[in-house]
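Colleague: Please find one structure pasted underneath; my questions will follow.
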Amino acid sequence: MLLGRADGAKVSVLQSVRPKAHTGAGHFVIEARAMAKVVFLAMELDLQIVGQVHTHPQEAFHSAGDEEGANIRYNGFISIVIPDYGDHLPARTGWAVYRFRESGGWQPLDVDVVTVVGGIAAL
């Protein structure tokens, strides 16, 4: 999960946290207790939960399991999918980046909207 600040036009990621999740081919589930810990951490740091990031074994895209498992969906929420289990990091090769819109669901964005500064990603 990505914690940071969002003003409607720009999302700045200032912290990441890896909650306990149940994952498998085509799905991920973050249980309520684990998600509550993320919420409390965000509150403690005076940040918002602004996005999620995860990897795929091969090509990066939003699968049906990704969309079903996304516990947080609000206008502007960001989802980043990284291919090849992140083998090419820190390069953004093959990333799939999405922004949620209530009027249209998960909208793909160009990976060039992501700027990585000192290990912190900002959109």
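Values in this text are rule-based calculations from the coordinates and carry no lab data. What you see is a predicted model; the values in this text were computed from it and never measured. Note that we place each Cβ from the backbone using ideal geometry, even for glycine, and neighbour counts take in every protein chain shown.
Colleague: For the chain, what does the relative contact order come out to in percent, with C-alpha contacts under 8 Å and a separation of six or more?
Modeller: This gives 24 percent for the chain.
Colleague: Please report, in whole Å, how far the alpha carbons of the chain spread along each principal axis, starting with the longest.
Modeller: 35, 32, 30
Colleague: Name the long-range amide H neighbours of S16: under 5 Å, sequence gap of 5 or more, or other chain; modelled H, no Pro or chain starts.
Modeller: Under 5 Å from the amide H of S16 lie the amide H atoms of L3, each far enough along the sequence or on another chain.
Colleague: Where in the chain lies the longest segment free of GluC sites (Glu not before Pro) that are both loop residues by DSSP (not H, G, I, E, B) and have at most 15 other Cβ atoms within 10 Å?
Modeller: With a cap of 15 other Cβ atoms within 10 Å, the longest stretch comes to 60-101.
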